[in-house]
Each structure stands twice: as C-alpha cells, then as structure tokens.
Protein chains: 2
Amino acid sequence: MSKEITSRAADYSQWYNDLVIKGELADYSAVRGCMVIKPYGYALWENMRDALDKMFKDTGHVNAYFPLFVPKSLFEAEEKNAEGFAKECAIVTHYRLKADPNNKGKLIVDPEAKLEEELVVRPTSEAIIWSTYKGWIQSYRDLPLLINQWANVVRWEMRTRLFLRTAEFLWQEGHTAHATREEAVIETEKMLDVYADFVENWMAVPVIKGVKTPNERFAGAEDTYCIEALMQDGKALQAGTSHFLGQNFAKAFDVKFSDKENKLDYVWATSWGVSTRLVGALVMAHSDDQGLILPPRIAPLQVVIVPIYKGEEQKAVVDKAVKEIMDNLKRLGIRVKYDDNDNARPGWKFAEHEMKGVPVRLALGARDLEKNEVEVARRDTKEKKTVSLEGIAQYIDGLLLEIQDYMYKKALAYREEHISSANTWDEFVKLLDEKGGFVSAHWDGTGETEDAIKEKTKATIRCIPLNNPPEAGQCILTGKPSTQRVLFARAY
Amino acid sequence: MSKEITSRAADYSQWYNDLVIKGELADYSAVRGCMVIKPYGYALWENMRDALDKMFKDTGHVNAYFPLFVPKSLFEAEEKNAEGFAKECAIVTHYRLKADPNNKGKLIVDPEAKLEEELVVRPTSEAIIWSTYKGWIQSYRDLPLLINQWANVVRWEMRTRLFLRTAEFLWQEGHTAHATREEAVIETEKMLDVYADFVENWMAVPVIKGVKTPNERFAGAEDTYCIEALMQDGKALQAGTSHFLGQNFAKAFDVKFSDKENKLDYVWATSWGVSTRLVGALVMAHSDDQGLILPPRIAPLQVVIVPIYKGEEQKAVVDKAVKEIMDNLKRLGIRVKYDDNDNARPGWKFAEHEMKGVPVRLALGARDLEKNEVEVARRDTKEKKTVSLEGIAQYIDGLLLEIQDYMYKKALAYREEHISSANTWDEFVKLLDEKGGFVSAHWDGTGETEDAIKEKTKATIRCIPLNNPPEAGQCILTGKPSTQRVLFARAY
C-alpha cells in the first residue's frame, strides 16, 4: 500500500512529515519554506479558528484588519522589536515587472519602479497597529481597545518544517491598549488562560502555563507568558504566547491618552498570538504509527460510515439504514460522512480513515442489519465493539465525548510522567538524553548561564511556571544560589 | 457636530469617503494605498464572508490555503495572465534587514540577502495554484477539484479609494479543475449565479448578469462572466467575476489527466472572485446624506435600543424592560445592542446609529412603558412608529425582513429607471452626461471601437447581458452593422 508511514521509533521526524503529507493536511509548495494547506488540513484549522474566535469575542474582543506591509521607518521605530525580527524579513523593494528585452516572454523587475521606502512584509503587526492606534486613542474613553486580527505573516526561517516552522503562516494576533499597567497585565493573563483552555479542552493537549526568561522574551515585551506542551518524542513545544508590552510601543509611536483628571500618559499594551503551528502540535501530541488521531471537538469529520455489501440489492438496504443513522447524527450536530465510494474496498477505506484520524468509524453490513447492530471502531484506542442500532446516535454522541476526554487524559499522563527533577548536572544531562520531557532544575537566574546550558545540551528554559513555589537551591551548572526551579526541555 | 458629512449633491465622492471614515468602516493607513478595516467594517465583512462561505460549501466547494508569494518564473508561465498583472505587482527581492552602519538605530536592506529569484506578492493565485494542481491531478478520479481560498492580494494601483480600489484587499478566489469544457462552463455559470444570489438577496443590490467583451476579460481567461451593479451616482460597479479559463493554465503548467479510456488531456479550469470592494458597493448603493444604510441580513447590528430616562430610578425600570426585549430578540437570532452609555444624550445616539446604518432603532422611556409601547424607527425610510410591546420581538423580526425587501426594491426601481436605450451618438453622449446609468446601444463588435468610445466618453461596455436578444442595428459610433445591443456605462 502506497500510504505506508515511517514509525515513530524508526524516525520520529519522518513519521511527522509522513502524517502531514499522507494525512492530507498540507503539501510542500513551489515557494521556499511556504506550504500549501490542503482542504482537510484547512477544515481542521477552520474548526480551531472558529472556536478561538468565539472565545475572543466572548471575552470582549473584536476583529479588524491591518495592512500586510510595514514601511521600514515604522518597522524600526520600536528598536528591540525591529532588532528581533530584522534578520528574517521579506522586503518589497519594487512595484512593477516589465518585459525582459533580452528574453521574449520573460519578465524582469522594472528598475524604474523602485519604492522610495522599502516595505517589510509583516512578521508581526505591533508596528503598523500602534502607528494606527495613535490616531484612535486620545482619551481614557477610547480605552480599552480590544482588537484581534486573523492574518498571514512572514518570517524568513532558514530551516522550515510543515506547520511547525514555515516562512509564511496563518495566525491571529491580539493587540490591546489599556489605561493602566494593572489592567494590561490582567488582559495578558486572561488571554493566556483562553489559550490554555482552548489547547486543553479542544485540542486535548495539556499545557503548562508560565513566563519566559528575559532571554526568551518576545522582542519588545516586558513579560512574555506562554503555554508549553509536550510532544511524544519528549520535546516541548511552545503552543501560544501572551505578551505584556508595557509602554514600549506607546512610547515608540507616541500614543498618549488623557485620563479622567486630564493628565497625559502613555498607553499600556498587550499582544498575544497562536498560529497554524498548533496543527503541528496536535499531530505530534496524539497520533500513532497508523496515522493521525484527531480529537472529536475539532476533527473535520467526527464519524465515517463504511457500508459492507455484495451487490446492488444489499447496498440499497444498507443505504436506507445509513440514511437514518446520518440524519440522527446530524441532528445532534455531529459531522458525519458516508463513504460509499464504489471503487475502494472496506479494508482500504478503514486504513484511509485511520490515516486521517477520523475519531469513530461505523461499519454496517446486511448481516449487521438483520441483528439490528453495527460495528463501532474508535480511532484512539482501536477498540471495536458491536453496538445495537437502537439509540445509536446518542451512543456515538457520548462516545465522542469519551474519546475527547480519554485523549486528554492519555496526553496528560504522558506529560506527568515526563516532568522530572534534576539536582546535579549529570542527572540533568542524563534525563535530557535518556528520558526527555521537562526537567525541573535550579538555575542562577542569568542569561549567560542559560546560554551556556543551551550550548551544552540544546535544552532551553521553557518557562518559569506560574505560582512556582520558592525553593532555595544551587544552579545546576554554576552552583550559584537559586531561589526557584525552572522547567528545561529540548524544544521545537 | 463633528460627524457632519458632505451631501451627495455637493460632492458624491467626498460623501462616500465621509461615510466610510465616519461610519467607522475603514481608515487610511501609513502604507500607500492600503487601508485599515475597522472593527465595525470588519464585522460587516465577516457577515458577508460567512454567508458566501456557506453558499460555496453548499455547492460542493472546500477551502484551502496557498502561498502569498509566487516565484517570478511561475508568475510568467501563463503569458497573458502575467502581462495583465505585471504592471501592478509588489516584488520581494530581499529577505533580511541589517543595522545601518551610518545611522544608529536605523535599518537598511541587507544587500547580501538578495533572493536568487524574486517573489511576486500574489495579485491573484492562478499561477501558484495551478503549479500545485499539477501534483494533485493525475486521473479523472481526481476531478473535479473544487477549491476556494480566502486571502489577501496585492495590486499596486496608482489611484486608490477606500474599499473600491486599494493596493491590498481581502477576497475569495475559487479555482476549479474539470475533465470537460462543458463541466467547466457550467461551473463558471453556477458561481456567477451564486454571486448574483448573494449580492441581490443579502446585500439588497440588484445586478445584471453578463459576459465581458474580449477587451475587458480577465487576463488568461477565455470568457469572463460578471455581475454589474448600479450606484446612486449613475455609475456602474463590477461586483463579481467568474472566469472560464479553458485549458490555458493547464497548458502553461502542464496539468494533464487520464480519462476513463486512459487518454491524456489537459484539464479545464475556472476561477471566480469577489472582494472587500463589495463593501464599497454596498455603501454607495443604499446610503443617504445622514449616513450608512445597511441591509438587515448583513448589518453587524440589526437593532439598537436607546433608553430615555431621568434619574437612576427610571433607568432601572427601563433596564428591566429592555432586558426582556433583548432576550426575546436574541432568541430569534437578532443582533441587538443596548446603548445605555451614560455620557451621551439620546439625540446624539440617534445620529450616531443613523450614521452607522443600524436598520432599526427602539427608543424606550418610562412613559412608553406605562402605555406598554415603544418607539420604533426605521433607518431606511426614517419612518417612526409607536408599537405595542406585546409581541415586539416578532414585530421587529418581520420589520427586518420588510426593510431588506424594501431596500432591494428601491435599488431595483432606481436601476430600472437608469437603463436607457440610445440609437444615435448624440443621444448616447447625452444620456451618459445627463442621466447616467446603463445605456443599451449597438456596437460593431471590435476592440478598436470600444477603445474609441471609452476615449471619447469614459464609458465602457459593462457586459453583454446573458440571454441578450438578437437585434440588427448600427454601431453607435461607426455605423457598422451590429447584431445586438450591449450595456455601456461609466464605471468604478
């Protein structure tokens, strides 16, 4: 069979690529580092996007749209932010092509159409948005401004991976403006909670909430909050970030407001984002060597029904029964497909739906109908069961919830098993090399030590967990005093 | 009042800009020719997008996402298409900025980060999509491919107008692949019908369906179908296009399929799109000198309720009654807002909601409550009426339908009044200059004559209407024989 995939044990990285390509989530494109999101992958992203969008709106945010391009002079206004992204920006320098005089039918960039000022394709939109907010904010009455944008962004990464790191990706970026520091911090934390809620309850992936060290902060932020997830190979993945930006952007773009006492002050800011990278996290957190395993709440298809029959007559009987089952499932809002493609055998279809991670498969034949039964197969546990057709829709509805819950608990158990404590350097290295996962260890709090640990082990500090208990100890590398443990891991 | 707007009679073009800006649909940006779509405008676009997206899915299409960038060598593969867009393309030539050695804190394009091959920011996606389809299509079993994409595109226009013509805009582009010419033509026409259905029944704007002359065709199409709408100043606006692309792109990108007899042939193609330009059409088709008038089906807010009260005690009584009305309206799926902002008087609020085109306004005071009544004001006709609170939600529900219907009929009556026939050149010019609208006239069928007419009058052939009756006559300009009338107009 052409769709065989590499096993995790043989080559985890190839396994991931196989799943994305053969599961029809995405494809490589003719553009370096850019991917094509295929219809099945896009349907998954749409479900994720719609769930998040509703959560944003329920917490008082509205959507808007800002330009793709950032004039260089605006881009460089907030220096740290500019420095952080300058090395990976696509730059528009010209606005016209013309016929190549030496090569009929070919085009060249028209040197006469050079832009006076170059345009940066947005790698993130703080600059263009804060230059706009300047015109929108005068008084405390204009605050808070709670705006989100769904958009494409471009970061010219040298080493790319489908979904995980691509030159262009889709994301949402929230950009809020507040009258006080306190309110902005509350917003930053609220959106981190929204992300954690979404990733855990929709994607069934447990996360650890924390803050980044200064080294790992978003360029231009005073504090970067994050949620960190664990993949099946023991590597961590940053699943979302929420930044408290202080007054940095307000100062760079001169955005002031007059408060109730008519006193002028700079506005306080946050920004927060998640991207199509989450699709990569989803794939790596749950899937197995047979293919994708998608959580029911966001799976494009939740149930597939495969008919088992010989001849037209049996088919007609099965069709009729399936129609009724489908109607009942749809009435409960369940996304179901009848795979009655005549050109493929049931076994081929089973493998195909396993590859694509459809949570529940029903196989229904004439003999089952006689017994008023149907075979129900779970994708996650591979369990098969014969179930009465009486009340089958309610049964499936409950089963989807059970699968969602089971997937989360399984991922959580794996994660819990893979948080270890290290008290010596040898222990630390051994855990990273042999077990993987998060290693909780003492660190002396300096960026230099963090860099040195990264250099020696490729592990980074994923976060300082929220509500981290204070604990006196010695830095794993330098032996200098430390007041708390932090979470290290190798990461995507 | 600061929000006064220019009247249509005084300056139609300024009136339009005032509406877009003061109605808070969009704003100018720091990037030449690009706009910011503000939250209210974006909510309107979301409603339009969601309605269209459902119509696409109901007709069997799925969404996907293709790269923003098109390598120059792909871009130039379909020569006519490339030639049509080459003059207005944003070109990415570099992928990095670096610190300016002569200017601390500033950045310059890093000359060492020049791309080997320039990237065109997509002005439309046929090239990148058909280069991808080549890998997806082998056999007739892979067809039809019915894919749509929601995306931003960039066309470097020299003269821009908010929504109507911007360098970057949001749109959808459908790209389908078929086994036969006939099937592709049917698809082209089907999507034109979907567009007409949407623009007429959701936007309440009547359209004329037709085909473009060769001069006005999409670059690379064999046939361009269009829907044409009429604005209140008598100018036409192309509201959507659906292209039959023949085998042009399949040949340019070598996309062949084997049919049931195992014979190889090039694939047949269509593409079709509508954009944020439709928001401009909506504004210009319906609004008046007091502000926007939005059709209920896509209005971000359908009903606003303004309380009339003196003191906290009256307010509490009104609040309670409003809560019940809101609950009943929401139960019917009506988008309603309670504007109980304490800082503004009712008169100011009335003007604000008129500016923003909210279809229905309720004003409710303590005295109304005593009589169990409420004042209902329609935005479209400005009619006010006192209505019993008994069954008010059902009344509003019906009223919204009535407004939707009335807006369409009003626009249709205006359009019908502005289709005239001209039989001589003088008549033709006089109609264009004095009455505006569509002028139905004979044309000799040549591109040269079409150009000459455009040169002399600024009018273009908007379309040859579908099912146009044959009629022998003489060309309005050259007197040469003609077999049918076509529709001319000055246009956006």
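The values are calculated or read from the model by the stated rules, or taken from the named source; none is laboratory data. Since we're looking at a predicted model, the values are computed, not measured. As a convention, Cβ positions derive from the backbone with ideal geometry for all residues, glycine included, and neighbour counts pool all protein chains shown.
So that you can scan it fast, the table gives a plain yes or no per residue for (1) under 21 Å from residue B:461 (Cα atoms); (2) crowded, with 23+ Cβ neighbours inside 10 Å:
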residue: B:242; (1), (2): yes, yes
residue: B:249; (1), (2): no, yes
residue: B:254; (1), (2): no, no
residue: B:271; (1), (2): no, yes
residue: B:292; (1), (2): no, yes
residue: B:295; (1), (2): no, yes
residue: B:299; (1), (2): no, yes
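The test for being under 27 Å from residue A:33 (Cα atoms) and either among the small types (Gly, Ala, Ser) or touching a residue at least 60 places away in the same chain (Cβ under 8 Å) (or both) holds for residue A:174.
Restricting B:345, B:379, B:335 to those that are among the basic types (Lys, Arg) and buried (at least 22 other Cβ atoms within 10 Å of the Cβ) reduces the list to B:379.
The set of residues from the stretch B:88-98 being touching an Asp or Glu at 6+ places or on another chain (Cβ under 9 Å) and buried (at least 16 other Cβ atoms within 10 Å of the Cβ) comprises B:88, B:90, B:91, B:92, B:93, B:94, B:95, B:96, B:97. When residue B:302 is tested against (1) more than 19 Å from residue B:380 (Cβ to Cβ); (2) at pLDDT 95 or above, exactly one condition is not met: (1).
Exactly one residue out of B:24, B:78 is crowded, with 22+ Cβ neighbours inside 10 Å, more than 8 Å from every other protein chain (Cβ to nearest Cβ) and not aromatic (Phe, Trp, Tyr), and it is B:78. If the condition is being modelled with pLDDT of 95 or more and among the β-branched types (Val, Ile, Thr), then the stretch B:146-193 contributes B:147, B:153, B:154, B:166, B:176, B:180, B:185, B:186, B:188.
Of the residues making up the stretch B:410-420, none is exposed (fewer than 14 other Cβ atoms within 10 Å of the Cβ) and touching a residue at least 24 places away in the same chain (Cβ under 8 Å). Taking the criterion of being charged (D, E, K, R) and in contact (Cβ under 8 Å) with a residue 24 or more places away in the chain, the residues of the stretch B:141-161 that qualify are B:142, B:155, B:157, B:161. Which condition from (1) at pLDDT below 95; (2) surrounded by 17 or more Cβ atoms within 10 Å (Cβ to Cβ) is the one that residue B:110 breaks? Failed condition: (1).
Sort out for me the helices (runs of 4 or more DSSP H) sitting completely within the stretch B:376-483 that have 1 or more residues that are under 25 Å from residue B:355 (Cα atoms).
B:392-417
Can you say whether residue B:107 is touching a strand residue (DSSP E or B) at 6+ places or on another chain (Cβ under 7 Å) and either more than 7 Å from chain A (Cβ to nearest Cβ) or within 22 Å of residue B:149 (Cα to Cα) (or both), as far as the supplied structure shows? So residue B:107 does not fit the description; no.
Taking residue A:192 as the residue in question, decide whether it is within 9 Å of chain B (Cβ to nearest Cβ) and either crowded, with 20+ Cβ neighbours inside 10 Å or more than 16 Å from the chain's Cα centre (by Cα) (or both). Criteria not met by residue A:192. Residue check: residue B:363 meets all listed conditions (1) surrounded by 18 or more Cβ atoms within 10 Å (Cβ to Cβ); (2) under 31 Å from the mean Cα position of the chain (by Cα); (3) within 24 Å of residue B:40 (Cα to Cα) but one, namely (2).
Residue A:13 meets all of the listed conditions (1) touching a helix residue (DSSP H, G or I) at 6+ places or on another chain (Cβ under 9 Å); (2) away from chain B (no Cβ under 12 Å); (3) not in a loop (DSSP other than H, G, I, E, B) but one, namely (1).
When restricted to residues that are farther than 28 Å from residue A:185 by Cβ and buried (at least 21 other Cβ atoms within 10 Å of the Cβ), the stretch A:460-489 contains 1. Those helices (runs of 4 or more DSSP H) of the stretch B:243-349 in which at least 2 residues are basic (Lys, Arg), considering only elements entirely within it, cover B:311-331. When the stretch A:113-132 is filtered for residues that are surrounded by 24 or more Cβ atoms within 10 Å (Cβ to Cβ) and part of a helix (DSSP H, G or I), the ones remaining, listed by number, are A:126, A:127, A:128, A:129, A:130, A:131, A:132. Residues in the stretch A:444-453 that are surrounded by fewer than 16 Cβ atoms within 10 Å (Cβ to Cβ) and either touching a residue at least 60 places away in the same chain (Cβ under 8 Å) or in contact with a Ser or Thr (Cβ under 7 Å, 6 or more places away or on another chain) (or both): A:447, A:451.
Note on the stretch B:33-68: among residues that are in a loop (DSSP other than H, G, I, E, B) and surrounded by fewer than 19 Cβ atoms within 10 Å (Cβ to Cβ), the one that is farthest from the other protein chains (Cβ to nearest Cβ) is B:59.
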